[in-house]
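Okay, handing you the structure first.
The values are calculated or read from the model by the stated rules, or taken from the named source; none is laboratory data. Remember, predicted model here, so these are calculated numbers, not experimental data. Using ideal geometry, Cβ is built from the backbone for each residue, glycine included, and neighbour counts are taken over all protein chains shown. For accessibility, only protein heavy atoms count, side chains too; no ligands or nucleic acids. Shrake-Rupley method; radii C 1.70, N 1.55, O 1.52, S 1.80 Å.
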Amino acid sequence: MTKIVLKNKMTTFLKKIVRYTLPIILMAVAMELLVEQIPNSYTYKRSYVEQHASSLRTLILGSSIAYDGIDANVLPHAFNLANSSQCFEDDYRLLAKYLPQMDSLQSVILPLSYSSLQMVSSSNRRVYYTIYMDIYPRWPISKYSFECFNLELMAKKIVKYYLNEDIVRCDSLGQRVGHTYAQRPTDWQDIPALIANDRFVGPAAQPYVQENIQWLRQLAELCEGRGVTLYLVAMPMLPAYREGMPLKQIALMEQVMHDMAADYTSVEVMDYQEWGTEADFWNATHLNTAGAERFTRALCVHIR
């Protein structure tokens, strides 16, 4: 009799769980299906490269400094495949995925900043590379497999889309739009905050640094194997930002770039850390749209 009572209580308990959780699960599934249909820079860039891979001669990789700072419209047969917080592992996986179809590729441009060597693929943005770029496995299920694991961010994207706000935020050749000198953020001169965000020092940073150097070398080996020139570009920074960064961190970036040039015949280094004026910047570390055009024109003189 006791067993029957316990069984009935357990059945009732499970039914209540299903009753209260099933609507939440169904809502999450519906939102996931909806948000994955919303256009974004990742889906746009994937579609473009898949359609035009064979005709591209120059490919731009990298993080937001490349997304903002390199104007593919200035370069012949070029495309900007960079995105915010895109790390070297993302860059390597993207190039490895598309290089077999890039019969005409001659150059890869990879901009670097003082924080590049601490960026890793475990950031929240990896979900976008998993779902929309298909460069990481989606199964078995992890926090990177579905956008619904970050309900707040997913809901914001859906609201923005239905308010007709621009979700893609890049032009036809992949450069971010909307970062103009006149529309700079109100805190664009909060250089101490940017420095604090980008500074990495001490033993805790070493695993990230070594991991990124290995991914960078693998990317260079891909280029070397295909006779593609890899241009490592030290990007412009406002003087006050550059002066506030630890000297060791600046020296590390420069040393890694020059070691790469010494070890690979396909690698060329270009140092533009002191290029530009305040009018070219959107904030201390990113060029605005007009500044990016001017910078890319200066850069393309040296791109073969």
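Which one is modelled with the lowest pLDDT, of the residues in region 94-122 that are among the hydroxyl-bearing types (Ser, Thr, Tyr) and open to solvent by 30 Å² or more (accessible area, probe 1.4 Å)? Step through it out loud before you land on a result.
Quick first cut of region 94-122, residues among the hydroxyl-bearing types (Ser, Thr, Tyr) only: 98, 104, 107, 113-116, 121-122.
Then keep just the ones that are open to solvent by 30 Å² or more (accessible area, probe 1.4 Å); that gives 104, 122.
Values: 104: 97, 122: 73.
By that ranking, first place goes to 122.
Of all residues in region 177-235, which are in contact (Cβ under 8 Å) with a residue 12 or more places away in the chain, outside any helix (DSSP H, G or I) and among the polar types (S, T, N, Q)?
180, 189, 229, listed by residue number.
Is there a residue being open to solvent by less than 50 Å² (accessible area, probe 1.4 Å), of a type in the set (S, T, N, Q) and in contact with a strand residue (DSSP E or B) (Cβ under 7 Å, 6 or more places away or on another chain) anywhere in region 195-212?
no
In region 267-280, which residues are part of a helix (DSSP H, G or I) and surrounded by 18 or more Cβ atoms within 10 Å (Cβ to Cβ)? Working first, answer last.
First, pick out the residues of region 267-280 that are part of a helix (DSSP H, G or I): 278-280.
The one that is part of a helix (DSSP H, G or I) and surrounded by 18 or more Cβ atoms within 10 Å (Cβ to Cβ): 280.
Another one. Let me spell it out: the conditions are (1) over 30 Å from residue 95 (Cα atoms); (2) modelled with pLDDT under 90, and residue 178 meets all of them except one. Which number is the exception?
The one condition residue 178 does not meet is (1).
Residue pairs, Cβ under 9 Å, 6 or more apart or interchain, first in region 151-172 and on the phi > 0 side of the Ramachandran plot and in a loop (DSSP other than H, G, I, E, B), second open to solvent by less than 40 Å² (accessible area, probe 1.4 Å) and of a type outside the set (S, T, N, Q). List them.
169/176
Right, another one. Answer yes or no: is there a residue in region 141-150 that is open to solvent by less than 30 Å² (accessible area, probe 1.4 Å) and either of a type in the set (Val, Ile, Thr) or under 28 Å from residue 96 (Cβ atoms) (or both).
Yes: region 141-150 contains one or more residues that are open to solvent by less than 30 Å² (accessible area, probe 1.4 Å) and either of a type in the set (Val, Ile, Thr) or under 28 Å from residue 96 (Cβ atoms) (or both).
Take the residues in region 215-250 that are of a type in the set (Val, Ile, Thr) and under 19 Å from residue 102 (Cβ atoms), then tell me which one is most open to solvent (accessible area, probe 1.4 Å). It would help to see each step written out before you state the result.
Going through region 215-250, the residues of a type in the set (Val, Ile, Thr) turn out to be 228-229, 233, 250.
So of that shortlist, the ones also under 19 Å from residue 102 (Cβ atoms) come out as 228-229.
Values: 228: 2, 229: 23 Å².
Out of the qualifying residues, it is 229.
Name, by its number, the condition in (1) at pLDDT 95 or above; (2) within 21 Å of residue 78 (Cβ to Cβ); (3) open to solvent by less than 50 Å² (accessible area, probe 1.4 Å) that does not hold for residue 264.
Among (1) at pLDDT 95 or above; (2) within 21 Å of residue 78 (Cβ to Cβ); (3) open to solvent by less than 50 Å² (accessible area, probe 1.4 Å), residue 264 violates only (2).
Of (1) in contact with a strand residue (DSSP E or B) (Cβ under 8 Å, 6 or more places away or on another chain); (2) at pLDDT 95 or above; (3) open to solvent by less than 70 Å² (accessible area, probe 1.4 Å), residue 258 satisfies all except one. Which?
It is condition (3) that residue 258 fails.
To continue, here is another question. Considering region 281-304 alone, what residues qualify as being in contact with a Pro (Cβ under 7 Å, 6 or more places away or on another chain) and either without any contact (Cβ under 8 Å) to a residue 12 or more places away in the chain or in a helix (DSSP H, G or I) (or both)? If you could, list the steps in order and put the result at the bottom.
Taking region 281-304 and keeping what is in contact with a Pro (Cβ under 7 Å, 6 or more places away or on another chain), we get 283, 287, 295.
Selection gives 295 alone.
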